[in-house]
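Comments concern the structure below.
Just so it is clear, none of the values below were taken in a lab; they were calculated from the coordinates. The shown structure was predicted, so the numbers you read here are calculated from the model rather than taken from an experiment. Note: ideal-geometry Cβ built from the backbone for every residue, glycine included; neighbour counts use all protein chains shown.
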Amino acid sequence: MERDEQLKLYGVVADRLKDAHARVRTLQVPEGVRMALTRKLLVITAAAKHDLADAARRLEWFMEDLDEGRYPEDVHADGSP
């Protein structure tokens with residue numbers, strides 16, 4: 001990937017991650033679901049440091065799941081179902 005293309009992709013992924021975090025914050029879901037979604041975003045953020053293209057794909061899938069209302073199951077703060 002050319003440097004200019006990679007920088008552009010970094011910017012796109014960064015903007016989409018900000019949007020995703022904002023959407024998760026405003027969802028009317030139980031706190032356990034919000035925590036699980038936030039953890040997924042943190043994993044995608046970490047992945048972006050190593051494989052930007054993979055992180056962009058994972059973020060796209062995450063956003064599609066949000067759009068379709070596909071959320072993880074609610075878990076309690078201690079991790080129990």
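Within the same chain, lysines fewer than 8 places from residue 40 are excluded, and of the rest, those with a Cα less than 22 Å from its Cα are 18, 49. Peptides 48-55, 22-29, 34-41 ranked from most to least packed by the mean count of surrounding Cβ atoms within 10 Å: 34-41, 48-55, 22-29. Counting Lys and Arg as +1 and Asp and Glu as -1 over every other residue whose Cβ lies under 15 Å from the Cβ of residue 34, the net charge comes to +1.
Taking a cut-off of 17 Å, what percent of all Cα-Cα pairs in the chain are separated by more than that? Within the chain, distances greater than 17 Å cover 47 percent of Cα pairs. This model, with +1 at the C-beta of Lys and Arg and -1 at the C-beta of Asp and Glu, gives the chain a dipole about its Cα centre of some 260 debye. Using a cutoff of 8 angstrom between alpha carbon atoms and counting only pairs six or more residues apart, the relative contact order for the chain works out to 33 percent.
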